[in-house]
1. Taking neighbour Cβ counts within 10 Å as the exposure measure, how do D:C28, B:C406 sort from fewest upward?
2. Based on the Cβ-Cβ distance of B:A390 and B:S341, what FRET efficiency does E = 1/(1 + (r/R0)^6) give at R0 = 30 Å, to the nearest 0.05?
3. Let me know the mean shielding of C:44-50 by other chains, meaning the per-residue number of their Cβ atoms within 10 Å of its Cβ.
4. Among A:M232, A:M219, A:M28, determine the one that fluctuates most according to a GNM of chain A built with springs between C-alpha atoms less than 10 Å apart.
5. Using a Gaussian network for chain A with springs between C-alpha atoms less than 10 Å apart, which of these wobbles most: A:Q189, A:Q81, A:Q280?
6. Neighbour counts of other C-beta atoms within 10 Å: give me A:S75, A:S144 arranged from fewest to most.
7. With contacts defined as alpha carbon pairs under 8 Å and 6 or more residues apart, what's the relative contact order of region C:8-134 in percent?
8. Among B:T271, D:T51, D:T125, what is the fewest-to-most ranking by other Cβ atoms within 10 Å?
Amino acid sequence: MSQTQSSTSRKPVRKISSDSVWVLGADMTHFGRYEDQDIVDLAAQTALAALDDGNVSIHDMDVLAAGTLLKAGTSLGQRLQKQIGQTGIPVYNVTNACATGATAIRTVYLAIKAGEADMGLAVGAEQMGKMGLLAGAHSSKEKSVYEPKGRYGAVTSLDGYLGTETMPGVFAQAGMEYANEHPGVGFEQFAKVAYKNHLHSTRNPLAQYRKAFSLDEIMQSPTMSYPNTLLMCCPTGDGAAAVVLISGERLKSMPQDVRRRAVKISASVLTSDPYTESSQVQPDVSTLTRNAAALAYETAGVAPEDLDLVELHDCFATAELIHYDNLGLCEQGGAGDFIDSGAPFRDGSTPVNVSGGLISKGHPIGATGVANVYEITTHLRGEAGERQIAGAKVGLAHVIGLGSACGVHVLEKAAV
Amino acid sequence: MSQTQSSTSRKPVRKISSDSVWVLGADMTHFGRYEDQDIVDLAAQTALAALDDGNVSIHDMDVLAAGTLLKAGTSLGQRLQKQIGQTGIPVYNVTNACATGATAIRTVYLAIKAGEADMGLAVGAEQMGKMGLLAGAHSSKEKSVYEPKGRYGAVTSLDGYLGTETMPGVFAQAGMEYANEHPGVGFEQFAKVAYKNHLHSTRNPLAQYRKAFSLDEIMQSPTMSYPNTLLMCCPTGDGAAAVVLISGERLKSMPQDVRRRAVKISASVLTSDPYTESSQVQPDVSTLTRNAAALAYETAGVAPEDLDLVELHDCFATAELIHYDNLGLCEQGGAGDFIDSGAPFRDGSTPVNVSGGLISKGHPIGATGVANVYEITTHLRGEAGERQIAGAKVGLAHVIGLGSACGVHVLEKAAV
Amino acid sequence: MQIDPTPQIPLVDYLRLDKQPHLVANECTNCGARFFDRRNACAQCGLRQFTKVPIRNEAKLKSFTIVHRAAPGIPAPFVSAVVETKDGTTVRANVVNCDPNPDVVRLGMPLQLTTYCIGADDDGTEAVAFGYQPS
Amino acid sequence: MQIDPTPQIPLVDYLRLDKQPHLVANECTNCGARFFDRRNACAQCGLRQFTKVPIRNEAKLKSFTIVHRAAPGIPAPFVSAVVETKDGTTVRANVVNCDPNPDVVRLGMPLQLTTYCIGADDDGTEAVAFGYQPS
Ligand SMILES: [Zn+2]
Ligand SMILES: [Zn+2]
């Protein structure tokens, strides 16, 4: 699609190198509401399914990483072990805002790279119920006497007085800043992103919502934070996803039919916010994504134009648009033209969020970064059913959590 | 002191191997109450001091791991970066109950072992204030209609009806089970542990409490959960600790005066609960500690009798006693004789918790697993002042969080 | 005219309030491991099939503590215990009908399951807990 | 007889309610990075010395959103904005005295700092916030 800092010629995967890391098994639950199950049920269900998918058992795992944001600090990993198998292996409970799931994957990846594990299980799960908007909340109890508190000496919550802290608003501002800098980007371009993702979700049986909307319906739905309308925002929901990773060395000894379905992790990158002037007052979702993408492309020896599909973090429509540019999928500044041209639609040149994305597939926070790796894996295996991108060989999964953390994984189809 | 599964002859450290990992800088705050500071202040203060101690800057770090339990999910790592330097490096926010700090260290260790980092910063911090006992809490709002809930179909909180869920009680039972199996272990032996640690703390300027008590005072102080009296329980408090880790390869290029103070991590181990029958209804703090110790001794090529000092997880006096046995510091079943003989006192054969331990030094949860590595490091450098164990060359730091996770680090003095 | 008995509900679903109250466990059909909670799979072997098995009411005291600082609403001191039933299953419960005194509570002492009411809800339904008493 | 003026407190401590209200930042003496919060060290260079510097009141609109679904107690819709002051500092605030309409709020429009009362506490002390209005 465009230039990259590290455009390298594609080398087809010919063999399994010993120090490579692969996805052996993958699963995600249907995203939605699970009122009769707890987060451990969701995590257990998807972990067992991912193990089954890889034709291995919990007793084969050398490490476990578990991610959840809302239940951080409750030892989800160990609670999961108690339900599916207590084998004594190291457990890492991790959080990184909306990049929590990707961080769980990375932790298992590190353990394998470090030579401490041949196989490991990464699980992300969240139970959000109907918590409403992700937003800064005011204290319910009114203070009777103003007293400066915290790092800004604030006498009350600042949300709404000094700009917004609500997520639809924060990401709206990120999009509007891009619009400010680049002509041809406006409300309609943002709305088209949501149009595309709702349309894509109709093919995904695991998506929380599977209803297509017209561009007009999207633009006319209630404004949350201009330009993000309700249909341009991800819903809250419950869900979980899991992947089993394996070292190349160990994969070599697996049966042919298991090897055939393994997917190579050509790059696994995690970044945080580098200092930028403006990020001191508003989250900068772009710079760390650009840094992660550059490192991922360089590591994988893959250029954006090599990507057969991308799952990126469209928590809000405004976010997806700027990530076209951040991930180098379009010309610099050309995200408006990119969506207008139809490129990120499933029949376009670089299909983006064919799962329906966070906007329609859903966004159970801890699960998201694992679920997008599941999605890419499923396409590279040619097992994505009605939503399959035909002949997909290389895909990229991107996730970003405010605070900030960005995870990028580049995955490649095995040729073994 | 005793047998170990892997008693290997000690090889003095003669050179820095490339794939080894070292502690380059270390710090802990005074443990206590910090009403005018927040958790980021504590983390920043100790991180900056650890960087200064290693004569490096945040710009030299390739990875950051941050641990806190009570503020899990608040992206402590990134909030810390914003206060001490946003360099864009991968940040891992981790939790593992009371083993959270050790898990942060292990995560940085993994990144170095994986070849992704030459240097990294691990920080643990907690602000507990005066939260009182670590205990299961009853809902304040009485239910008007009984309704079975959760995995046990419970109609109300079970704490107090089906045994205790309070920490002093859980660890009391662990100790009493040991007493049941091994003659010569009783209230007095447990009390002696607290006597020792309070006495040790008088020499530690960083300890939350620095007051010695007589054995009688300890035994007569109010019973929390028999046999644990108030003076046999760790207090709640605030604090933070940080270490800078470096690869052996990178350490070679550091100046001689920096290399000289570096301390080798001969083993870094994390375990979780393997299945045992009884652990299904009560936490088993022993098996995973035994497993971690066995692997640590084997990895380090160190036997328990080689240890010049041990910092172990004495959240309650009953816990320390059984860990003498779990860590192989005494004969199997001989923990009562071990404390009676004076062996774990600072002038004994295997000094344990010369810092004052959790019981008197304090236990700001996320900080604890880093603080005990700081303590060992400080002794191996010969910089522990009044509490120095003369000529210390090898030490072990142990931490355990219920749920469960156990971290063991074996550290060795550099000979370079 | 007949008086309805007071409605009762067990504190936990693994307590069965039959004529002879007793506990039931989920037993793994593969390895025999027993669990009192709702299960996704077996913590020992990882397989996913369970049968319900009754647990013997006779037990002995494996470990205990006397809790003086208890959760709000819980009368203290009380004896918290880990017991081993005659069929080798570990259970966590209180020792009841026994002086909460370390000189009276003896490790290894024989015990017997018993039940008692811990309160009633606004509909008048009584919650019934179990404990073990010296036998 | 003299009437005491109503006591006032700034919403945040980096708002100075002088005759000419303005913002102050902590500026790193090494690299010049500016911060509005209490600092441990510099996010850019890592050094630990700061001086207080006043921030210019003239600004331009860098980005905005019109918030319709706001936190409880916050009148909506309102214009949330990121502005760049004349001296190049980025500030987050509301655009006030301006119709919350995307056809009226223009990216790049010139703005000027202003202050307004957002309420009073039980002692009668008024909290004063700042915003930017079209200039
Ligand atoms: Zn089984
Ligand atoms: Zn600076």
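1. Numbers: D:C28 22, B:C406 32.
Going from sparsest to densest Cβ surroundings: D:C28, B:C406.
2. Details: r = 20 Å, r/R0 = 0.68.
The computed FRET efficiency comes out at 0.90.
3. Details: counts 8, 5, 12, 2, 3, 0, 0.
So the per-residue partner count for this stretch is 4.
4. For chain A, modelled as a Gaussian network with Cα springs under 10 Å, the answer is A:M219.
5. A:Q280
6. Working: A:S75 27, A:S144 9.
The most exposed by this proxy come first: A:S144, A:S75.
7. Details: 263 pairs, mean separation 29.1, N = 127.
In percent, rounded to a whole number, it is 23.
8. On the way: B:T271 26, D:T51 9, D:T125 17.
In increasing order of surrounding Cβ atoms, one gets D:T51, D:T125, B:T271.
Every number here is computed from the coordinates shown, using simple stated rules; none is lab data. Note that the structure is a prediction, hence the values are computed from the model and not measured. Every residue, glycine among them, receives a Cβ derived from its backbone with ideal geometry; neighbour counts consider all protein chains shown.
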